[in-house]
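Notes follow the structure.
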Amino acid sequence: MIQQIISHTPTYVWALLAFLVYRGVLAAKDRQVPLSKMFIIPVAMLVMSLAGINGHGPLGAGVWAVWLSGMLATVAIIWTTGKGGIAVDRATGTVLQRGSWTPLALMVAIFVTKYTVAVLSAMHPELQRQMLFVVAVSGLFGVFNGVFIGRLLRCVAAYARQPAAALA
């Protein structure tokens, strides 16, 4: 059965996984990142998560409230528990990103969740009509996105707070 599932997975899905792993390995090293490029992965993960949410199930449009609740709660946690200062260089428009394996773990977790939901939905379409399944998936995607968005917002805020004197 696993061989059937894997063989019926489109090639672009494996290419996406390879890209996410590549980006995750890059994130494990300290690097200077232009502020504009810091939006790429959070936006990509946001699109990937939102594409996995179905507003036609038992909650209807309420899935968006579940997703938003998970996302906002996680953003608040990341915002308040974020450790250490964020080094920014407004002269070059960059932020020092400390190396971390967390982005890789999160990207793979979103990928695995989305892949699992797709496989389960194909094998058991009735799951899309079960309240617990819909709430769990929507909330989980919200939590994942909240981590990425929370980290991004902390960097943007640090960038915005840097004194104008530092520009000279």
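The values are calculated or read from the model by the stated rules, or taken from the named source; none is laboratory data. Note that the structure is a prediction, hence the values are computed from the model and not measured. Cβ sites come from the backbone with ideal geometry, for glycine too, and all protein chains shown count toward neighbours.
Here is how the numbers come out for the structure above:
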{"item": "Failed criterion for residue 28 (all others in (1) in a helix (DSSP H, G or I); (2) within 24 Å of residue 87 (Cβ to Cβ) hold)", "result": "(1)"}
{"item": "Failed item in (1) outside any loop (DSSP other than H, G, I, E, B); (2) modelled with pLDDT of 90 or more; (3) out of contact with any Lys or Arg (no Cβ under 7 Å at 6 or more places or on another chain), with residue 79 passing the rest", "result": "(3)"}
{"item": "Complete set of residues in region 103-129 that are surrounded by 14 or more Cβ atoms within 10 Å (Cβ to Cβ) and either within 28 Å of residue 32 (Cβ to Cβ) or touching a Cys at 6+ places or on another chain (Cβ under 6 Å) (or both)", "result": "103, 104, 106, 107, 108, 109, 110, 111"}
{"item": "Residue in region 94-105 that is over 21 Å from the mean Cα position of the chain (by Cα) and either of a type outside the set (Val, Ile, Thr) or assigned to a helix (DSSP H, G or I) (or both) present", "result": "no"}
{"item": "Unmet criterion (only one of (1) within 20 Å of residue 134 (Cβ to Cβ); (2) at pLDDT below 90; (3) more than 15 Å from the chain's Cα centre (by Cα); (4) surrounded by 18 or more Cβ atoms within 10 Å (Cβ to Cβ)) for residue 48", "result": "(3)"}
{"item": "Long-range neighbours under 8 Å by Cβ, at least six apart or interchain, first residue farther than 20 Å from residue 28 by Cβ within region 83-98, second aromatic (Phe, Trp, Tyr)", "result": "88/159; 90/159"}
{"item": "Residues of region 15-34 satisfying the condition of being farther than 16 Å from residue 100 by Cβ and touching a helix residue (DSSP H, G or I) at 6+ places or on another chain (Cβ under 8 Å)", "result": "16, 17"}
{"item": "Matching residues in region 53-78 - criterion: being surrounded by 15 or more Cβ atoms within 10 Å (Cβ to Cβ) and touching a Gly at 6+ places or on another chain (Cβ under 6 Å)", "result": "63, 66, 67, 70, 71, 74, 75, 78"}
{"item": "Residue that is modelled with the highest pLDDT, among those in region 82-93 that are among the β-branched types (Val, Ile, Thr) and either in contact with a Ser or Thr (Cβ under 6 Å, 6 or more places away or on another chain) or assigned to a loop (DSSP other than H, G, I, E, B) (or both)", "result": "92"}
{"item": "Pair list, Cβ under 8 Å, 6 or more apart: region 26-43 residue free of Cβ contacts under 8 Å to residues at least 12 places away in the same chain, other residue hydrophobic (A, V, I, L, M, F, W, C) and assigned to a helix (DSSP H, G or I)", "result": "none"}
{"item": "Any hit, region 83-90, residues being out of contact with any helix residue (DSSP H, G or I) (no Cβ under 9 Å at 6 or more places or on another chain) and over 20 Å from residue 51 (Cα atoms)", "result": "yes"}
